[in-house]
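Report on the following structure.
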Amino acid sequence: MPSTVEMPPLEISDAALVKLKETVKNEGVDLANTYLRVAVVPGGCSGLSYELGWDTARSEADAHFEVGDLHVLVDPRSAAYLDGTVLKFTDGLEGKGFHFDNPQAVRNCACGESFGL
């Protein structure tokens, strides 16, 4: 398999990392053979949506990077959309959950689940 990328296509904030580690523990995810996959897929009211999920398969084309003991995968097409993005977790009045702060997005839907370029 290819080595870890030097410049990850996105950053994971400290708050998001804490919540991801809680999720790993709560869901019993085995980090020895499971990756966090971050992707951009067609859909949503603004044209593109973000996906976060666990994956046990790694493609040679995937960007791979580590944040603590968490291994993260991003496919090449998604990496282009995610360049400069920060994955954040908020737990406040404006909404609880994971949010993507993407400097490339020129429009976002009201719910924050999709974006357009």
- Item | the stretch 89-117 - residue that is more than 22 Å from THR23 (Cα to Cα) and either of a type in the set (S, T, N, Q) or assigned to a strand (DSSP E or B) (or both) and, of those, modelled with the highest pLDDT | ASN102
- Taking the residues in the stretch 55-88 that are among the hydroxyl-bearing types (Ser, Thr, Tyr) and closer than 22 Å to LYS21 by Cα as candidates, determine which candidate is modelled with the lowest pLDDT. THR85
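Could you go through the stretch 27-39 and let me know if any residue there is assigned to a strand (DSSP E or B), over 12 Å from the mean Cα position of the chain (by Cα) and farther than 20 Å from GLU11 by Cβ. Let's see the steps before the verdict.
Within the stretch 27-39, the subset assigned to a strand (DSSP E or B) is 35-39.
Cutting the leftovers down to over 12 Å from the mean Cα position of the chain (by Cα) gives us none.
Checked the stretch 27-39: no residue is assigned to a strand (DSSP E or B), over 12 Å from the mean Cα position of the chain (by Cα) and farther than 20 Å from GLU11 by Cβ.
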- Can you name the condition, by its number, that GLY68 falls short on among (1) in contact with a Phe, Trp or Tyr (Cβ under 9 Å, 6 or more places away or on another chain); (2) within 15 Å of PRO8 (Cα to Cα); (3) surrounded by fewer than 17 Cβ atoms within 10 Å (Cβ to Cβ)? (1)
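The values are calculated or read from the model by the stated rules, or taken from the named source; none is laboratory data. The structure displayed is predicted, hence computed values, not measured ones. Virtual Cβ from ideal backbone geometry, glycine too; neighbours counted across all protein chains shown.
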